[in-house]
Amino acid sequence: MSDNFVLHSSIWREEAAESNPFVASRCFAFGYDVYGEVLPKSSWSEYMLLLFLGEKPSAEAAMLIEKLAIALANPGPREPSVRAAMNGGVGGSVDAASLIAALAVGAGQYGGSHEVALLVEAWNRLGRDLPAWCDYLSHPNRDYREDVWSPIEHPPGFDPHGVECAQPVLQSLEFLAEVSPGRNLIWLFEQRVALEQHTGLPITMSAVAAAAFADLGFSSTQAIMMYLMLRLPGAAVHAMEQEKLGWKKFPAYGQAISIDNDPGELGVPDVSRFEL
């Protein structure tokens with residue numbers, strides 16, 4: 001390997017093995033020996049926060065990301081990104097395609113990662129100022145500049161079709177506010193009713209996730225990446241389940257499909273009668 005080949009990274013450092021320069025003998029993440037120190041002594045949540053934030057997290061921060069991971073792990077088959085993965089599974093796509101479908105649909109601004117990013121930016125900009133939040137939620141497209149994203153069509157973090165706040169959202173918000181090392185989740189828990197009365201809509205899990213990411217000190221980009229990752233387990237298991245069940249048991253299909261001139265009923269046509 002050329003001595004001029006240098007990978008610039010403040011995140012990762014490797015020491016090459018003496019017998020093979022293409023293999024690492026030791027790996028360091030922000031100075032911590034990953035396989036000699038982090039692996040035997042740390043949890044998954046601690047390591048994730050180390051990678052994302054660059055420093056050893058507090059026990060409270062590690063607890064928050066761990067519990068948030070549980071809350072987000074399976075949004076359920078009603079959620080668009082999970083349904084996208086289910087479509088891939090029941091349609092016979094390769095397994096990776098189902099996850100890619102979930103990532104693509106889950107990256108949007110209707111409960112997706114872009115909506116979470118908008119909210120994290122709003123937390124950084126507005127803090128816990130209730131009048132400022134009410135003004136933002138009333139005019140989410142103020143100062144909007146043409147981008148790859150269309151103007152948002154509803155107050156970020158609120159369900160445009162909702163009637164009341166879903167019980168899983170309430171349960172997640174209450175518990176995460178109790179374990180969070182920050183103040184944003186607590187504020188959201190305390191001001192939820194006022195915000196819902198102002199918008200006329202219930203909050204969603206994306207609002208809870210964004211407040212948690214803000215409490216952890218995530219940037220909007222970091223929140224996008226983590227939010228997408230944490231929701232993949234549910235997409236994966238539902239895709240695999242639907243692949244086994246088949247299309248006849250898939251929601252919105254099966255009995256709803258009527259096929260005209262079904263070869264299974266009419267038999268194989270006599271192709272000798274057809275002219276080219």
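Derivation of every value follows stated rules applied to the coordinates shown; laboratory data play no part. Everything quoted here is computed from the prediction, not taken from an experiment. Cβ atoms come from the backbone with ideal geometry, glycine included; neighbour counts cover every protein chain shown.
Summing Lys, Arg as +1 and Asp, Glu as -1, what charge do residues with Cβ under 10 Å from the Cβ of residue 45 carry, residue 45 excluded?
Result for the neighbourhood of residue 45: -1.
For the stretch 94-109, in order, what is each residue's ³J(HN,Hα) by Karplus, 6.51 cos²θ - 1.76 cosθ + 1.60 with θ = phi - 60°, in whole Hz (x at glycine and Pro)?
Values, residue by residue: 4, 4, 4, 5, 5, 5, 5, 4, 5, 5, 5, 6, x, 8, x, 10 Hz.
Going by amide H atoms built from the backbone, whose H comes under 5 Å of the H on residue 12, apart from near neighbours?
For residue 12, the qualifying residues are 30.
What 222 nm value per residue comes from the helices of the chain, counting each DSSP H run with n ≥ 4 as -39,500 (n - 2.57) and dividing by all residues, nearest 500 deg cm²/dmol?
My calculation for the chain gives -15500 deg cm²/dmol from helical runs alone.
Just one of (i) 0.94; (ii) 1.05; (iii) 1.28 is Cα Rg over 2.2 N^0.38 Å as worked out from the coordinates here. Which one is it?
(iii)
In whole percent, what relative contact order does the chain give with Cα contacts below 8 Å and a gap of six or more residues?
Relative CO of the chain lands at 23 percent.
Which of 55, 243 has the fewest other C-beta atoms within 10 Å, and how do the rest follow up to the most?
In order of increasing Cβ crowding within 10 Å: 55, 243.
How do 220-229, 139-148, 126-135 rank on mean C-beta neighbours within 10 Å, highest first?
Answer by packing, highest mean first, reads 220-229, 126-135, 139-148.
If eta is 1.306 mPa s and T is 10 °C, what Stokes-Einstein diffusion coefficient results for the stretch 101-193, Kirkwood Rh from Cα pairs, in µm²/s? List each step's numbers first, then the result.
Values: Rh = 14.6 Å.
Translational D for this selection: 109 µm²/s.
Taking the Cβ of residue 57 as the centre, find all other residues whose Cβ is under 11 Å away and add up their charges (Lys, Arg: +1; Asp, Glu: -1).
-3
Taking a cut-off of 24 Å between Cα atoms, list the lysines near residue 67, but don't count ones fewer than 8 places away on the same chain.
Within reach: 41, 56.
Relative contact order (percent) for the stretch 21-65, with alpha-carbon contacts under 8 angstrom and 6 or more residues of separation? Could the numbers behind the result be given before it?
Working: 27 pairs, mean separation 12.5, N = 45.
Contact order relative to length: 28 percent.
Over the alpha carbons of the stretch 52-108, what is the largest minus smallest coordinate on each principal axis, giving the biggest first in Å?
Sorted from largest, the Cα extents of the stretch 52-108 read 44, 23, 20 Å.
Just to check, using Stokes-Einstein with a Kirkwood Rh over alpha carbon pairs, what's the diffusion coefficient of the stretch 1-157 at 25 °C and 0.890 mPa s in µm²/s?
Using the Kirkwood radius from Cα pairs, D works out to 125 µm²/s.
With θ set to phi - 60° and the Karplus curve 6.51 cos²θ - 1.76 cosθ + 1.60, what are the ³J(HN,Hα) couplings of the stretch 125-131 in order, to the nearest whole Hz, using x for Gly and Pro?
8, 9, x, 10, 9, 4, x
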